Amino acid sequence: MILGNFWSSLDNFLQEREIVTNRPKNTPHPKHKGLRYPVDYGYVKDTVGADSDELDLFVGKLTNNKVSGVLLAVDLKKKSCEIKILYNCSEKERDAAQAFFNRIFDKKRVTSCILIDRITITKPFDSPFGEFYSQHKESEFLPEIVPEFLMINKIRKNQRFWTCFWESIDKLVDISRNSENKTPDNDINSILSSQSKNLKGTGIFFGQNKTRRGLICTIDPVEGKGKNIIILNCSDEEICKILKHLTEKKIISLIIL
């Protein structure tokens, strides 16, 4: 069993659903007429993304029928953090998809987008995550952990996008704190089942110390719902509790630390 099953679980999720490509390559963007989609673009039928529409995806020209990566896009105007799936996409197509959205975002100056290529982690990167993986390695829905230092090494040529992304995440947190005026939530179950009044499809989990921050991308394979959870001030032990909950609930999950 490979440690970290986000990618294989997402493969299975897509194989069980219909993919619709309604914006073929070179189609003008409906709101930004000067931009054309560099790769076929569409959605996964009978799903719900962070923006309350279907989960979006790019469909490339490869024929391996696998997820190639994901784009994570923060849109401060929509007040959301969305996941966009890259399916059958070559490295060139993945880079083109990211560049396409960041060109849009540069115009709006309120959003940012990062690319996470498909990564297989065969060894937990530190303790106590190693202990967690050893206890749950037989689970089909074991979350994938992507260390930030690994991501920075992979996208060093676009590190500006990574920096802008976390700055946008911080602004989402500020929007939530300033507008809702409520006690921070540290119940992962309530975050998964509820939604912030002011953030579309995005929850925030507040830990009890100042050790880590990160982002968890989740997709419920039964209901077809995608949701992202920002984690703040979390200890490794608190993150392991979140991972255990997601594993037990059989939620497809990717966590970036």
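The values are calculated or read from the model by the stated rules, or taken from the named source; none is laboratory data. Since the model is a prediction, treat every value here as computed from it, not as a measurement. Glycine gets a Cβ as well: all are built from the backbone with ideal geometry, and neighbour counts include every protein chain shown.
Observations on the model:
- Considering segment 35-60, the residues that are acidic (Asp, Glu) and more than 17 Å from the chain's Cα centre (by Cα) include one that is surrounded by the fewest Cβ atoms within 10 Å (Cβ to Cβ), namely 46.
- Single residue of segment 208-248 satisfying the filter (of a type in the set (D, E, K, R), outside any helix (DSSP H, G or I) and more than 23 Å from residue 51 (Cβ to Cβ)) that is modelled with the highest pLDDT: 213
- Within segment 111-124, considering residues that are in a loop (DSSP other than H, G, I, E, B) and surrounded by 14 or more Cβ atoms within 10 Å (Cβ to Cβ), the one modelled with the highest pLDDT: 118
- Test: residue in segment 140-155 that is assigned to a loop (DSSP other than H, G, I, E, B), surrounded by fewer than 15 Cβ atoms within 10 Å (Cβ to Cβ) and either modelled with pLDDT of 60 or more or charged (D, E, K, R) (or both): yes
- Every condition in (1) in contact with a Phe, Trp or Tyr (Cβ under 6 Å, 6 or more places away or on another chain); (2) within 23 Å of residue 243 (Cβ to Cβ) holds for residue 56 except the one numbered (2).
- The single condition among (1) under 16 Å from the mean Cα position of the chain (by Cα); (2) at pLDDT 80 or above; (3) farther than 30 Å from residue 174 by Cα that residue 135 does not satisfy is (1).
- Residues within segment 195-207 that are at pLDDT below 80 and more than 18 Å from the chain's Cα centre (by Cα), tallied: 2
- Members of segment 35-54 that are among the hydrophobic types (A, V, I, L, M, F, W, C) and at pLDDT below 95: 35, 48, 50
- In segment 7-25 there is at least one residue that is of a type outside the set (Val, Ile, Thr) and in a strand (DSSP E or B).
- In segment 1-34, residue modelled with the lowest pLDDT [restricted to those that are in contact with a helix residue (DSSP H, G or I) (Cβ under 9 Å, 6 or more places away or on another chain) and surrounded by 12 or more Cβ atoms within 10 Å (Cβ to Cβ)]: 2
- Checked against (1) in contact with a Phe, Trp or Tyr (Cβ under 9 Å, 6 or more places away or on another chain); (2) closer than 26 Å to residue 215 by Cα, residue 26 meets all criteria but (2).
- Residue 63 meets the conditions (1) surrounded by fewer than 20 Cβ atoms within 10 Å (Cβ to Cβ); (2) within 25 Å of residue 174 (Cα to Cα); (3) not small (Gly, Ala, Ser) in every case but one. The failed one is (2).
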